[in-house]
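Novice: Please find one structure pasted underneath; my questions will follow.
The values are calculated or read from the model by the stated rules, or taken from the named source; none is laboratory data. All figures in this text were calculated on a predicted structure; none of them were measured in a lab. Backbone-built Cβ (ideal geometry, glycine too); neighbour counts: all protein chains shown. Ligands, DNA and RNA are stripped out before the accessible areas are found, and what is left, the full protein with its side chains, is counted by its heavy atoms. Shrake-Rupley method; radii C 1.70, N 1.55, O 1.52, S 1.80 Å.
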Amino acid sequence: MNLIAKDSDPIVDSILMKPEADSELVYRLWEGDQGALGVIYDRYSSLVYGVSLKGLRSVAEAEDLTQEVFLTLARSRTYDPSRGSLSQYLIVLTRSRAIDRLRARTTRKKYTQQWQQLQMPSDFKTPLHQASQQERHVLVREAMTQLKDRQREVLELSYYEGQSQSEIAQRLGVPLGTVKSWARRGLLQLREQLRRVLEEEKS
């Protein structure tokens with residue numbers, strides 16, 4: 001018993017009991033240690049989730065964003081311990097991603113409204129107004145076949161898959177401005193195509 005007591009060093013004991021520093025955990029994570037990710041997640045998941053929920057006001061989206069943030073930490077290697085604490089980095093990253101999601105949500109809402117207006121222009125009072133939703137859908141689909149491939153692809157990704165223009169640009173590997181241009185021209189041509197069809201029905 002006395003030997004154990006003499007060998008015991010309070011300074012060494014305190015070091016052994018001290019939680020591993022965040023920076024060390026992050027470096028271990030980047031080296032492929034998945035156990036380090038679990039420790040970081042346990043430490044900061046509540047913080048990240050709280051920021052996510054406050055920004056998005058949706059439990060499902062907040063949970064999804066929380067997972068995304070920690071995956072980003074593991075993959076991006078953008079955290080620099082010399083520039084601030086890990087908690088600060090995660091807060092900034094979470095807020096940034098939440099803003100991106102809110103913008104994408106607004107964009108989808110805007111284009112959904114445009115899409116609904118496009119499917120049945122209000123200035124045409126024809127029997128097509130009495131047509132079923134399925135018949136209207138077929139009409140729009142046929143009109144879209146007249147578009148250029150890229151214009152049609154962008155509109156389909158926007159309206160049928162609900163992707164934002166930023167997401168489409170990343171998926172297609174083109175600049176955001178190019179996607180916006182394709183979408184704008186596609187909408188104009190699609191509207192004109194529908195007008196022609198409806199004019200023929202009217203006459």
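Novice: Out of ASP13, ASP33, ASP9, ASP100, report the one residue that is modelled with pLDDT under 90 and within 19 Å of SER164 (Cβ to Cβ). Reasoning before the result, please.
Specialist: Values: ASP13 fails: within 19 Å of SER164 (Cβ to Cβ); ASP33 fails: within 19 Å of SER164 (Cβ to Cβ); ASP9 fails: within 19 Å of SER164 (Cβ to Cβ).
Only one candidate qualifies: ASP100.
Novice: Specify the residue that is nearest to ALA104 (Cα to Cα); the eligible residues are those in segment 159-184 that are among the charged types (D, E, K, R) and not in a loop (DSSP other than H, G, I, E, B).
Specialist: Filtering segment 159-184 down to residues among the charged types (D, E, K, R) leaves 161, 167, 171, 180, 184.
Within this subset, residues satisfying the condition of being not in a loop (DSSP other than H, G, I, E, B) are 167, 171, 180, 184.
On the way: GLU167: 9, ARG171: 15, LYS180: 14, ARG184: 17 Å.
If we take residues in segment 159-184 being among the charged types (D, E, K, R) and not in a loop (DSSP other than H, G, I, E, B), then GLU167 is nearest to ALA104 (Cα to Cα).
Novice: Which of the residues that make up segment 20-66 are open to solvent by 60 Å² or more (accessible area, probe 1.4 Å) and of a type in the set (D, E, K, R)?
Specialist: GLU20, GLU24, ARG28, GLU31, ASP42, ARG43, LYS54, ARG57, GLU63, ASP64
Novice: Related question: Could you check, for segment 43-51, whether at least one of its residues is of a type in the set (Phe, Trp, Tyr), touching a residue at least 40 places away in the same chain (Cβ under 8 Å) and under 23 Å from ALA21 (Cβ atoms)?
Specialist: Here is the first cut: in segment 43-51, the residues of a type in the set (Phe, Trp, Tyr) are 44, 49.
Within this subset, residues satisfying the condition of being touching a residue at least 40 places away in the same chain (Cβ under 8 Å) are 44.
After this cut, where a residue has to be under 23 Å from ALA21 (Cβ atoms) as well, the list is 44.
Yes, there is a match, as at least one residue in segment 43-51 is of a type in the set (Phe, Trp, Tyr), touching a residue at least 40 places away in the same chain (Cβ under 8 Å) and under 23 Å from ALA21 (Cβ atoms).
Novice: Looking at segment 154-186, which of its residues are closer than 17 Å to VAL140 by Cβ, open to solvent by less than 40 Å² (accessible area, probe 1.4 Å) and touching a residue at least 24 places away in the same chain (Cβ under 8 Å)?
Specialist: Keep residues of segment 154-186 that are closer than 17 Å to VAL140 by Cβ, which gives 154-162, 183, 185-186.
Filter once more, so that each one left must be open to solvent by less than 40 Å² (accessible area, probe 1.4 Å): 154-155, 157-159, 162, 183, 186.
Hits for segment 154-186 are VAL154, LEU155, SER158, TYR159, GLY162, ALA183, GLY186.
Novice: Sticking with this one: Please indicate, with yes or no, whether at least one residue in segment 131-153 is under 16 Å from the mean Cα position of the chain (by Cα), open to solvent by 40 Å² or more (accessible area, probe 1.4 Å) and modelled with pLDDT of 80 or more. It would help to see each step written out before you state the result.
Specialist: Of the residues in segment 131-153, the ones under 16 Å from the mean Cα position of the chain (by Cα) are none.
No, segment 131-153 contains no residue that is under 16 Å from the mean Cα position of the chain (by Cα), open to solvent by 40 Å² or more (accessible area, probe 1.4 Å) and modelled with pLDDT of 80 or more.
Novice: Looking at (1) without any contact (Cβ under 8 Å) to a residue 24 or more places away in the chain; (2) surrounded by fewer than 20 Cβ atoms within 10 Å (Cβ to Cβ), which is the one condition that is false for GLN189?
Specialist: (1)
Novice: For THR106, all conditions in the list (1) modelled with pLDDT of 65 or more; (2) under 22 Å from the mean Cα position of the chain (by Cα); (3) part of a helix (DSSP H, G or I); (4) crowded, with 18+ Cβ neighbours inside 10 Å hold save one; what is the number of the exception?
Specialist: (4)
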